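Chemist: My structure is below; once you've seen it, I'll send some questions.
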Amino acid sequence: MSRAITFSEYGAPEVLRPAEVPLPEPGPGQVRIRVRAASVNPLDLKIRSGAMAGAFPVRFPMVPGLDAAGVVDAAGENAGAAVGDAVLGATVGGSYAAYALVQEPVAKPAALSWEVAASLVTVGRTAARVLGELGVRAGTTLLVHGAGGSVGILAVQLAAARGLTVVATAGEHDVERVTALGATAVRYGDGWPQRVRDAAPRKVDYVLDASGAGVLADSVALTGDSARVVTIADMSAAEHGVRFSAGTAPAGQDGQSGRGGRGGRAEDPLPELARTAAAGTLTLPVWRTYPLDEAAAAHTDLEAHRNHGKTVLLP
């Protein structure tokens, strides 16, 4: 048996409870890891509350969590990692546990902390995926909404590294941090479209909305083309002719690997993200860590928007 966090009904964070669950056994292409860190993602909260029940139905009791990093202690056939290897990746069957299954594990560089390694998986793949969907090119201008969040922070850095001019909307407490990462940051709130026009040296070519703050209509007006706007957070996207980029269901919910919608033909950006983060040229702030048994407190803090960076559980 293995220690884990489970929930047996939809509801508030208090439905998350410590439990003993069967030790998972790796199948082909999978490894079992002794979890050193498990990332808490906003999608975890939506699944737990039942807000995503229509899209991501679950079987109770469920172990939540999408991403983890740890040391391999058992490997399935053609797993891509061996016992003793340090890896990160998307989990199958949940990551809030002492042991978890990882599909298609990625090697963790020695210089990369366990907390950042676990945090990179979903948000890193999401940021890279959306930039690919937009087809961003060097010499153009990208507007990132929600640049203080984890996807936004990574998108800003990835776009700047590709030679784009990046303008970013952020809360006042995030403006200095976002600016330091290579963007021209402007404050959220009334009048933001004009502040963006004033900050952009030329027309805005693309928009990535990671905020869900009702910015799509003005974003389409800024670019002049709804096809140049993608959101990962605003469910009203179709009303504006904007693409909603959702990736796939979490691993273990629909038999998918949970690779964020990249599809089998796309190259996984995660190994390169891990290398650049280990080298210090890609930054992903970790706000706070919690013991595994305090998963409910982590969800409570995340729902209250107290965090300014990633939240991580430590089994």
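Chemist: Kindly provide the set of residues from the range 149-186 that are among the acidic types (Asp, Glu) and either crowded, with 19+ Cβ neighbours inside 10 Å or in a strand (DSSP E or B) (or both), ordered by number.
Modeler: Within the range 149-186, just 174 meets the criteria.
Chemist: Give just the number: which of (1) at pLDDT 95 or above; (2) not in a helix (DSSP H, G or I) does residue 221 not satisfy?
Modeler: With (1) at pLDDT 95 or above; (2) not in a helix (DSSP H, G or I) applied to residue 221, the lone miss is (2).
Chemist: Still on this structure, please answer the following. If I ask for residues that are modelled with pLDDT under 95 and either closer than 30 Å to residue 83 by Cβ or aromatic (Phe, Trp, Tyr) (or both), which ones from the range 30-58 would you list?
Modeler: Of everything in the range 30-58, just one residue is modelled with pLDDT under 95 and either closer than 30 Å to residue 83 by Cβ or aromatic (Phe, Trp, Tyr) (or both), namely 56.
Chemist: Please go through the range 281-300 and give me each residue that is surrounded by fewer than 18 Cβ atoms within 10 Å (Cβ to Cβ) and assigned to a loop (DSSP other than H, G, I, E, B), ordered by number.
Modeler: 281, 283, 285, listed by residue number.
Chemist: When both residues are 6+ apart or on different chains and their Cβ atoms are under 6 Å apart, which pairs have a first residue that lies in the range 236-252 and is under 26 Å from residue 64 (Cβ atoms), and a second that is at pLDDT 95 or above and assigned to a helix (DSSP H, G or I)?
Modeler: Qualifying pairs under 6 Å: 244/237; 245/130; 245/133.
Chemist: Residue under question is residue 100, and the condition is that it be buried (at least 19 other Cβ atoms within 10 Å of the Cβ) and either at pLDDT 95 or above or in a strand (DSSP E or B) (or both); does it hold? Let's see the steps before the verdict.
Modeler: Details: buried (at least 19 other Cβ atoms within 10 Å of the Cβ): yes; either at pLDDT 95 or above or in a strand (DSSP E or B) (or both): yes.
Spelling it out, residue 100 is indeed buried (at least 19 other Cβ atoms within 10 Å of the Cβ) and either at pLDDT 95 or above or in a strand (DSSP E or B) (or both).
Chemist: If you scan the range 56-80, which residues turn out to be surrounded by 23 or more Cβ atoms within 10 Å (Cβ to Cβ) and touching a Pro at 6+ places or on another chain (Cβ under 8 Å)?
Modeler: 66, 79
Chemist: Restricting attention to the range 40-87, and to residues there that are part of a helix (DSSP H, G or I) and hydrophobic (A, V, I, L, M, F, W, C), which single residue is nearest to the chain's Cα centre (by Cα)?
Modeler: The selected residue is 43.
Chemist: Then there is this: Please state which one of 133, 172 is more than 30 Å from residue 104 (Cβ to Cβ), among the acidic types (Asp, Glu) and in contact with a strand residue (DSSP E or B) (Cβ under 7 Å, 6 or more places away or on another chain).
Modeler: Answer to the selection: 172.
The values are calculated or read from the model by the stated rules, or taken from the named source; none is laboratory data. In this text the structure is predicted, and so the values were computed from the model without any measurement. Don't worry about glycine lacking a Cβ; one is built from the backbone with ideal geometry, like all the others, and counts go over all protein chains shown.
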